[in-house]
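Comments concern the structure below.
Quick note: the coordinates plus some simple rules give every number you see, no bench work behind them. Treat the numbers as computed from the prediction; the structure is a model and nothing was measured. All Cβ positions, glycine included, derive from the backbone under ideal geometry; neighbour counts span all protein chains shown.
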Amino acid sequence: MEEQKFDYEAFEKEAIEQLKKGKKLEGKGGVLAPLLQRLLNASLHGELDAHLQEGETQNRRNGKGTKKVKTSFGEIEIDSPRDRESSFSPQIVRKRQLTLGDGIDHKVISLYAKGMSYESICEHLEDLYGITLSPATLSAITDRIMPEVYQWQNRPLEALYPIVWLDAVHYKVRSEGRIVHKAVYHVLGVGQDGIKEILGMYIGEKEGAKFWLQVLSDLQNRGVKDILIACIDNLTGFKEAIESIFPKTDVQLCVIHQIRNSFKYLRKKDYKEFVADLRLIYTALNYQEGERNLDKFDEKWGKQYPAVIRSWRNNWDGLSTFFHYPYELRRLMYTTNIIESYHSQLRKITKSKRIFPNDAALLKLLYLITIRITEKWSRPIKNWKNTLAQLSILYEERMNPE
């Protein structure tokens with residue numbers, strides 16, 4: 001059979017004519033689908049001709065079949081040329097290959113990372129590209145990133161992180177025929193370059209100090225030797241878990257969490273005055289002034305709100321840690337708002353998914369969203385040079401070991 005050559009002049013002429021008629025360039029019914037079909041057919045037949053010329057036997061062509069291939073330009077039908085000895089293995093479109101290149105896979109993963117359901121992705125691909133994929137196929141495509149997820153979860157970390165924030169976010173997941181609440185534990189750290197990074201992502205049954213101990217042990221096993229400051233919520237036993245793995249770490253309990261918990265007991269008529277007095281505690285110039293204002297707060301509100309006062313007293317050592325630091329550090333460490341902002345971005349995309357079918361599906365989506373979020377974390381946090389200089393003075397031996 002005579003070799004089929006691709007006519008580039010005809011290609012250009014036909015493309016121009018169809019575009020003049022108002023046809024789309026890409027997608028379903030677009031100009032490029034039939035032209036891509038001609039290009040692939042010519043290339044496949046050319047591959048077979050080259051294969052026959054290289055062979056030492058009297059092998060020759062043996063007709064052709066056809067198959068449909070999904071591409072980002074739509075679904076197209078192409079030739080599958082054959083040889084008598086069945087030794088021909090095309091490289092442009094391989095045997096049993098039903099999608100062309102990584103374009104479709106990348107589109108599916110990108111849409112999934114934006115929170116679209118498999119059903120919505122199916123409709124999107126059908127409308128724009130004329131491609132019909134089942135939800136099961138889409139799930140298989142997104143599952144291909146799981147080795148990448150596990151590799152990311154187990155990547156080596158730096159030996160020292162100046163500041164880390166630890167918090168969990170909760171989702172509903174199907175497990176053994178039941179719907180259960182799962183906690184996703186996140187560790188957000190700032191390296192010595194001032195760049196934010198998600199150090200760890202872990203799924204557990206519920207948030208508790210025991211699981212956090214496992215998380216901290218994993219960080220240690222992946223290379224973290226020291227954390228200068230850890231910022232956490234007021235979970236019972238959390239502070240002790242950190243100190244058991246990183247005994248030198250200064251632990252700061254989230255002041256904002258403590259304030260929110262205080263409001264649970266508050267009567268509406270006391271709100272304005274109560275909040276003003278409470279603010280004097282955590283905006284004090286130093287530890288001594290903060291403690292004096294706490295005593296005054298106790299004298300004024302202790303009888304009406306004993307549970308609030310008891311909570312502040314019990315947590316005071318952890319709540320007051322930030323008083324020992326300069327302003328730039330105080331504003332970073334007195335709250336877990338940095339990691340809560342990250343969680344807010346996760347929820348914005350996952351809110352349409354009420355229940356996840358399994359842990360892997362939850363992990364897969366959170367990883368994809370996280371990669372998109374952290375791509376924007378390319379600059380040091382505000383005033384990092386001053387903050388780093390202060391840390392270098394406060395922790396000279398740990399930041400600059402001999």
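What translational D, rounded to a whole number of µm²/s, comes out for region 158-399 from Stokes-Einstein when the hydrodynamic radius is the Kirkwood one over Cα pairs, at 10 °C and 1.306 mPa s? Using the Kirkwood radius from Cα pairs, D works out to 82 µm²/s. In this calculation the C-beta distance from GLN345 to SER217 is compared with R0 = 25 Å, giving a FRET efficiency of 0.35.
Ellipsoid semi-axes for region 193-276, based on the Cα gyration tensor and the rule √(5λ), read 31, 15, 12 Å when sorted largest first.
Taking 0.36 nm per residue of separation and subtracting the Cα-Cα distance, full extension of the segment from SER80 to HIS324 would add 80.5 nm.
What net charge is computed for the residues neighbouring ALA168, neighbours being all others with C-beta under 10 Å from the C-beta of ALA168, Lys and Arg scored +1, Asp and Glu -1? Overall, the nearby charge balance is -1. The antiparallel fraction among DSSP beta bridges confined to region 158-399 stands at about 70%. Close amide H partners of LEU199, meaning residues 5 or more places away or on another chain with modelled amide H under 5 Å apart, are VAL187, LEU188, GLY189. Across region 158-169, coupling constants 3J(HN,Hα) worked out from phi with the 6.51/-1.76/1.60 Karplus curve, θ = phi - 60°, read 5, 6, 9, 10, x, 9, 10, 10, 10, 7, 10, 10 Hz, and Gly and Pro carry x. If R0 is 25 Å, the Cβ-Cβ spacing of ARG60 and SER89 corresponds to a FRET efficiency of close to 0.90.
Figure legend: label point modelled 7 angstrom from the Cα of ASN261 along Cα→Cβ; residues of region 214-233 with amide N under 20 Å from it are 230-233. Farthest towards the positive end of the charge dipole of region 158-399, among the residues ILE229, ASN315, ALA168, is the Cα of ALA168, using unit charges on the Cβ of Lys, Arg, Asp and Glu.
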